[in-house]
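Reviewing the structure listed below.
The values are calculated or read from the model by the stated rules, or taken from the named source; none is laboratory data. Not measured: the values here are computed from a predicted model. So basically every Cβ, Gly included, is an ideal-geometry build from the backbone, and we count neighbours across all protein chains shown.
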Amino acid sequence: MGTKHTATLEHEHALHHEHAHDHDDHHETFVSKYIFSHDHKMISRQFLITAVVMAVVAMTMSIIFRLQLAWPGEKFAFINAVLGDKWGKDGILDPNMYLALVTIHGTIMVFMVLTAGLSGTFANLLIPYQVGARDMASGFLNMLSYWFFFVSSCIMLGSCFIDDGPASAGWTVYPPLSALPESIPGSKLGMTMWLVSMAIFIISSLLAGLNYIITVINLRTKGMSMTRLPLTVWAFLVTAILGVLSFPVLFSCALLLIFDRSMGTSFYLSDIYIGGRPLDNAGGSPVLFEHLFWFLGHPEVYIVLLPALGITSEVIATMARKPIFGYRAMIGSILAIGFLSFIVWGHHMFMTGMNPFLGSVFVFTTLLIAIPSAVKAFNYITTLWKGNIQYSPAMMFSIGLVSSFITGGVTGIILADSALDIHVHDTYFVVAHFHIVMGLSAIFGMFAGVYHWFPKMFLRMMNKKLGYLHFWITFISAYGVFFPMHFIGLAGVPRRYYTNSEFPMFDNLVDINELDTIFAIIGALGQVVFLFNFFYSIFRGEKAPQNPWNSNSLEWTTPMANIHGNWPGKLPVVHRWAYDYSKPGHEQDFVPQTVPLAEGEHDGGEH
Amino acid sequence: MKLLVLLAILLLIIAAHQLLRIIELSRGLKKTKEWHIDNADNDMHGKGMLIFMICFFVFFFWQVNQYIDRSLPPSGAEHGYKIDALWDANMYLCIVIFLICNFFLFGFAYKYRGNTANKATFFPHSNKLEMIWTIIPAIALAFIIIFGLKYWNEIMDEAHDPNKVTIELYAKQFAWTARYTGKDGKLGNTDYRQIAGANDLGIDSMDASGNDDVLAHNEFHLPVNREVEIFMRSRDVIHSAFMPHFRAQMNCVPGMITTFKFKPIFTTAEMRKIPYVINLMAGINKQRAKFGKEPVEFDYLLLCNKICGRNHYNMQMNIIIDTEKDYNQWLAKQKAFKTIASK
């Protein structure tokens with residue numbers, strides 16, 4: 001059935017394509033090409049540029065609260081310039097605004113940058129290219145997905161400009177804090193906007209995810225069996241499945257919160273006295289919210305991480321000039337991580353009053369997830385062994401990812417152990433852990449993807465030297481920020497404290513906080529190098545050749561013109577897996593997937 | 001002033017633009033292959049990876065050396081020793097994995113840096129290797145799970161000590177209240193609708209066992225070497241009762257009563273004499289002197305550890321661990337709830 005379907009679509013596409021050729025120049029208007037585009041390549045670029053803008057906003061926020069944490073009470077003209085007199089009077093950050101900044105920083109980074117920005121950009125760009133399809137299964141839904149994301153981002157940004165300030169109950173928005181406007185100013189209009197923005201974001205994510213799944217399953221070109229897919233596509237596929245299964249739960253979670261906030265229901269509220277009066281709500285439980293939230297929240301971690309791991313698998317194999325080690329084990333790990341990610345959410349809730357026995361179950365499942373993760377890390381390292389490593393900026397970021405995945409991963413073993421979690425739950429130890437394992441790994445993966453596929457996206461090359469500079473500044477300062485943070489956690493400092501200066505017991509941590517902030521500022525300035533390189537190269541970078549990295553996968557067989565339908569003639573036919581690098585018996589150290597197997601030659605993916 | 005800054009930025013951008021034009025023109029933009037990775041690049045950044053690893057490891061040990069003495073002091077509660085022992089075992093394991101994996105990662109990154117003269121080895125998979133590194137982590141994790149769950153179950157079990165002290169910690173934005181049972185050994189029922197005036201905790205006036213309950217603000221006392229059973233409630237939003245020196249933590253959730261138990265083993269005075277604590281406090285006071293703040297002594301603390309609003313960062317209460325005698329004396333001086341409420 002699959003083949004027949006593919007064949008029909010192929011035929012239609014071919015017809016459409018010929019048609020398009022005749023009239024391309026006449027019918028493609030500015031609006032249909034650059035704004036409401038149905039083309040996966042343009043949508044990918046739209047996602048990327050939106051995400052870059054959002055990332056700059058979220059990063060600026062982090063610098064503001066890092067300044068506050070290192071030098072509480074100091075006056076910073078920068079803070080006053082960004083936040084104005086209301087929230088940054090005399091250059092001192094307002095405590096409510098501090099909470100708002102950490103909330104919006106987290107929300108933007110997790111959802112807008114690392115979910116939409118990462119999956120949206122690279123799944124859109126690479127799935128049709130690497131499976132050998134003319135475009136996504138539904139270009140129209142794909143376009144809607146971007147525009148829902150855009151609207152959602154605008155609402156989130158807009159919420160920063162309202163009178164009461166944006167949502168400030170933490171990115172996890174636990175009620176009752178997020179439900180009761182009396183409890184914090186951010187839970188007034190700001191929280192409503194946060195919820196509306198997230199609801200729209202979820203629609204975007206679902207439209208995109210369904211499209212990715214259908215495209216991978218139905219639109220693979222001839223010869224592209226599932227076991228010949230590059231690992232990027234496998235990662236995007238499993239990511240999309242996770243998103244489709246878990247985002248609707250976040251939607252219901254948010255919907256019930258909207259009901260509690262505006263319609264007087266009591267899903268999450270019970271026995272509350274606030275603002276000088278008892279509330280009528282009875283029978284609800286905030287723990288219900290936590291269950292629903294983390295049922296998305298934990299798969300979300302892997303929605304963020306898997307695409308980054310997929311990208312690095314591809315980049316490491318290509319640039320080490322070696323097949324990825326243990327291709328099948330890598331697929332197995334992705335599937336195992338994907339499955340397990342649904343049954344570990346309770347490890348965020350050991351200290352919430354949830355039954356301790358239930359906690360034990362989650363300890364067991366959570367520690368299981370360490371096994372496929374370890375397999376992935378070992379396989380990456382083995383791929384480097386006896387390689388011929390070409391240090392493009394993308395490769396350096398990929399190695400950076402493997403390092404941060406290991407460094408942040410090992411502390412996960414500690415946090416998954418509920419008995420130890422009593423000690424460090426909600427402290428800076430957790431902040432250090434998830435920033436390294438999720439934040440750094442995912443953002444390194446994203447940078448690797450941008451440097452590696454920039455030529456496919458913008459048909460030009462990024463500047464290599466600036467790329468190296470960007471990598472070293474980012475890599476060093478990232479560890480410089482988050483490694484010392486573990487020790488702040490070991491001293492017992494809770495997260496989301498506006499200042500630590502109210503507690504004498506934390507006074508001796510001042511220098512660690514200063515060190516963190518100094519590295520954060522250096523790291524942020526380092527991103528200016530990237531931004532310059534990125535935008536400059538879009539317009540004035542060197543023209544890219546067709547296959548700059550001597551890569552095997554299909555996207556490099558398309559002409560460097562970003563044409564509609566990707567391939568000018570027939571779709572390519574695939575004869576081998578994507579990882580025949582340095583294969584004995586071949587003159588070059590790469591064999592594109594379109595090269596037929598020689599007589600007696602085994603396909604690398606199938607022995 | 002702001003206009004000047006903007007003008008300066010604008011000029012800077014124009015200057016940078018002109019500079020770039022010159023660079024582009026001078027190197028004949030379209031012909032170069034700046035992006036091409038040559039042997040010199042590979043050599044430089046391969047070595048860079050090795051140097052990074054060395055610096056990274058040095059930085060790691062330097063931090064341990066500098067910062068580890070600022071960690072929380074030895075546990076003031078009995079169960080904390082289990083947590084600390086488990087912590088140490090897991091942490092050593094993690095550090096070993098961290099060092100070994102990063103060593104091989106950056107080591108290979110250095111050793112196999114590319115060169116046009118070399119060719120990579122085609123090595124797509126090995127069932128044996130993959131088996132080894134699936135099974136070894138699985139065995140290690142089995143031990144971690146077994147010990148972790150054993151301690152977890154012991155720590156989270158109900159309080160069994162017949163001589164236990166039962167108290168309630170009540171959280172609201174942004175203060176704590178401790179409630180003792182009084183002479184009858186029972187905490188009175190509560191009803192949040194009765195919160196008013198002096199009845200800050202909503203103690204139910206229909207329940208006589210609440211009349212002798214004792215309330216403590218700002219600080220509360222506990223006796224050493226007796227199990228403490230704590231019930232926790234919240235008035236408004238989620239808070240978390242975090243007592244890091246006892247390795248104790250539990251969220252306070254509106255509409256629910258949560259619980260945690262522990263047994264203090266050092267009085268506050270004893271804790272102040274432990275060498276580690278003396279050293280820790282010396283470091284703290286040295287830093288305080290730099291800020292011109294007065295020196296402080298060690299105190300057990302209760303902190304809020306769940307984001308709860310504007311003053312989340314300053315929601316604290318002192319805990320004093322007394323000898324049995326001192327504790328009883330202190331408790332006898334506290335007024336019962338009914339006498340407070342009737343005023």
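Which residue, of B:ASP184, B:ASP236, is over 30 Å from B:PHE298 (Cβ atoms), assigned to a loop (DSSP other than H, G, I, E, B), touching a helix residue (DSSP H, G or I) at 6+ places or on another chain (Cβ under 7 Å) and of a type in the set (Asp, Glu)?
From the options B:ASP184, B:ASP236, the qualifying one is B:ASP184.
Restricting to region A:492-550, and then to whatever is outside any loop (DSSP other than H, G, I, E, B) and among the basic types (Lys, Arg), can you tell me which residue is farthest from A:ALA394 (Cα to Cα)?
A:ARG540
Would you confirm whether any residue within region A:435-451 is outside any helix (DSSP H, G or I) and modelled with pLDDT of 95 or more?
Just the residues of region A:435-451 that are outside any helix (DSSP H, G or I), to begin with: none.
No; the residues of region A:435-451 include none that is outside any helix (DSSP H, G or I) and modelled with pLDDT of 95 or more.
May I ask you to say which residue of A:THR227, A:THR192, A:THR221 is assigned to a helix (DSSP H, G or I) and farther than 17 Å from A:THR107 by Cα?
On the way: A:THR192 fails: farther than 17 Å from A:THR107 by Cα; A:THR221 fails: assigned to a helix (DSSP H, G or I).
Every option except A:THR227 fails the conditions.
Condition first: over 30 Å from B:GLU78 (Cβ atoms), touching a Pro at 6+ places or on another chain (Cβ under 6 Å) and facing another protein chain (nearest Cβ under 7 Å). Can you find one or more residues in region A:384-404 that meet it?
no
Name the residues in region A:106-132 that are in a helix (DSSP H, G or I), farther than 15 Å from A:TYR146 by Cα and in contact (Cβ under 8 Å) with a residue 60 or more places away in the chain, would you? So that I can check it myself, show each step before the final result.
First, the residues of region A:106-132 that are in a helix (DSSP H, G or I): A:106-131.
Filter once more, keeping what is farther than 15 Å from A:TYR146 by Cα: A:106-110, A:126-131.
Answer for region A:106-132, where residues must be in a helix (DSSP H, G or I), farther than 15 Å from A:TYR146 by Cα and in contact (Cβ under 8 Å) with a residue 60 or more places away in the chain: A:GLY106, A:THR107, A:MET109, A:VAL110, A:LEU126, A:ILE127, A:PRO128, A:TYR129, A:GLN130, A:VAL131.
Search region B:64-79 for residues being at the interface with chain A (Cβ under 8 Å from one of its Cβ atoms) and in a helix (DSSP H, G or I), and hand back the single one that is surrounded by the most Cβ atoms within 10 Å (Cβ to Cβ).
Ranking the qualifying residues of region B:64-79, first place goes to B:ARG70.
Restricting to region A:428-457, give me the number of residues that are among the polar types (S, T, N, Q) and over 19 Å from A:ALA478 (Cα atoms).
0
When you go through B:PHE61, B:PHE108, B:PHE123 one by one, which is the residue that is assigned to a helix (DSSP H, G or I) and touching a Ser or Thr at 6+ places or on another chain (Cβ under 9 Å)?
Criteria check complete, one pass: B:PHE108.
Restricting attention to region B:243-276, which residues are basic (Lys, Arg) and not in a strand (DSSP E or B)?
B:ARG247, B:LYS263, B:ARG272, B:LYS273
The rows are residues; the columns are (1) under 30 Å from A:GLY604 (Cα atoms); (2) surrounded by fewer than 23 Cβ atoms within 10 Å (Cβ to Cβ); (3) in contact with a helix residue (DSSP H, G or I) (Cβ under 6 Å, 6 or more places away or on another chain); (4) more than 10 Å from every other protein chain (Cβ to nearest Cβ).
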| position | (1), (2), (3), (4) |
| --- | --- |
| A:PRO278 | no, yes, yes, no |
| A:ALA282 | no, yes, no, no |
| A:PRO286 | no, no, no, no |
| A:PHE289 | no, no, no, no |
| A:LEU296 | no, no, yes, yes |
| A:ILE311 | yes, no, yes, yes |
| A:THR318 | yes, no, no, yes |
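Of the conditions (1) more than 7 Å from chain B (Cβ to nearest Cβ); (2) in contact with a helix residue (DSSP H, G or I) (Cβ under 7 Å, 6 or more places away or on another chain), A:PHE339 fails just one. Which one is it?
(2)
Looking at B:LEU302, B:LEU280, which is the one that is surrounded by 14 or more Cβ atoms within 10 Å (Cβ to Cβ), at the interface with another protein chain (Cβ under 8 Å from one of its Cβ atoms) and either within 19 Å of the chain's Cα centre (by Cα) or of a type in the set (D, E, K, R) (or both)?
Sole residue among the options that is surrounded by 14 or more Cβ atoms within 10 Å (Cβ to Cβ), at the interface with another protein chain (Cβ under 8 Å from one of its Cβ atoms) and either within 19 Å of the chain's Cα centre (by Cα) or of a type in the set (D, E, K, R) (or both): B:LEU280.
Does B:ASN218 satisfy being under 30 Å from B:PRO162 (Cβ atoms) and not basic (Lys, Arg)?
So B:ASN218 fails the test.
Considering only region A:464-485, how many residues are surrounded by fewer than 22 Cβ atoms within 10 Å (Cβ to Cβ) and within 11 Å of another protein chain (Cβ to nearest Cβ)? Steps first, please.
Start the filter on region A:464-485 by keeping residues that are surrounded by fewer than 22 Cβ atoms within 10 Å (Cβ to Cβ), which leaves A:464-466, A:468-469, A:472-473, A:476-477, A:480, A:483.
Checking which are within 11 Å of another protein chain (Cβ to nearest Cβ) leaves us with A:464-466, A:468, A:472, A:476, A:480, A:483.
Counting residues in region A:464-485 that are surrounded by fewer than 22 Cβ atoms within 10 Å (Cβ to Cβ) and within 11 Å of another protein chain (Cβ to nearest Cβ) gives 8.
Which of the residues that make up region A:496-528 are in contact (Cβ under 8 Å) with a residue 40 or more places away in the chain, surrounded by 19 or more Cβ atoms within 10 Å (Cβ to Cβ) and charged (D, E, K, R)?
Once the filter is applied, which keeps residues that are in contact (Cβ under 8 Å) with a residue 40 or more places away in the chain, surrounded by 19 or more Cβ atoms within 10 Å (Cβ to Cβ) and charged (D, E, K, R), region A:496-528 yields A:ARG496, A:ASP516.
Would you mind stating whether A:PHE487 is assigned to a helix (DSSP H, G or I), in the same structural domain as A:LYS41 (by TED's automatic domain parsing), modelled with pLDDT of 95 or more and in contact with a strand residue (DSSP E or B) (Cβ under 9 Å, 6 or more places away or on another chain)?
No, not satisfied.
Would you mind telling me which numbered condition in (1) modelled with pLDDT under 95; (2) in contact with a helix residue (DSSP H, G or I) (Cβ under 7 Å, 6 or more places away or on another chain); (3) of a type in the set (A, V, I, L, M, F, W, C) A:MET560 fails?
Going through (1) modelled with pLDDT under 95; (2) in contact with a helix residue (DSSP H, G or I) (Cβ under 7 Å, 6 or more places away or on another chain); (3) of a type in the set (A, V, I, L, M, F, W, C) one by one, A:MET560 breaks only (2).
Can you go through A:GLY106, A:GLY158 and tell me which one is surrounded by fewer than 24 Cβ atoms within 10 Å (Cβ to Cβ) and over 21 Å from the mean Cα position of the chain (by Cα)?
Unique residue meeting the criteria: A:GLY158.
Go through region B:173-227 and report how many residues are surrounded by 19 or more Cβ atoms within 10 Å (Cβ to Cβ), free of Cβ contacts under 8 Å to residues at least 60 places away in the same chain and among the hydroxyl-bearing types (Ser, Thr, Tyr).
Adding up the residues that qualify gives 3.
With within 12 Å of chain B (Cβ to nearest Cβ), among the aromatic types (Phe, Trp, Tyr) and in contact with a Ser or Thr (Cβ under 7 Å, 6 or more places away or on another chain) as the only criterion, which of A:PHE503, A:PHE532, A:PHE539, A:PHE519 stands out? Steps first, answer last, please.
Numbers: A:PHE503 fails: in contact with a Ser or Thr (Cβ under 7 Å, 6 or more places away or on another chain); A:PHE532 fails: in contact with a Ser or Thr (Cβ under 7 Å, 6 or more places away or on another chain); A:PHE539 fails: in contact with a Ser or Thr (Cβ under 7 Å, 6 or more places away or on another chain).
After applying the criteria, what remains is A:PHE519.
Just need a number here: residues in region A:486-495 that are more than 7 Å from chain B (Cβ to nearest Cβ) and touching a His at 6+ places or on another chain (Cβ under 9 Å).
Residues that pass the stated criteria total 2.
Taking A:ALA432 and the conditions (1) facing chain B (nearest Cβ under 7 Å); (2) assigned to a helix (DSSP H, G or I); (3) of a type in the set (Gly, Ala, Ser); (4) under 25 Å from A:PHE471 (Cα atoms), which numbered condition does it fall short on, given that it satisfies the others?
Every condition holds for A:ALA432 apart from (1).
Tally time: how many residues in region A:532-548 are surrounded by 21 or more Cβ atoms within 10 Å (Cβ to Cβ) and out of contact with any strand residue (DSSP E or B) (no Cβ under 7 Å at 6 or more places or on another chain)?
The number of residues fulfilling the criteria is 2.
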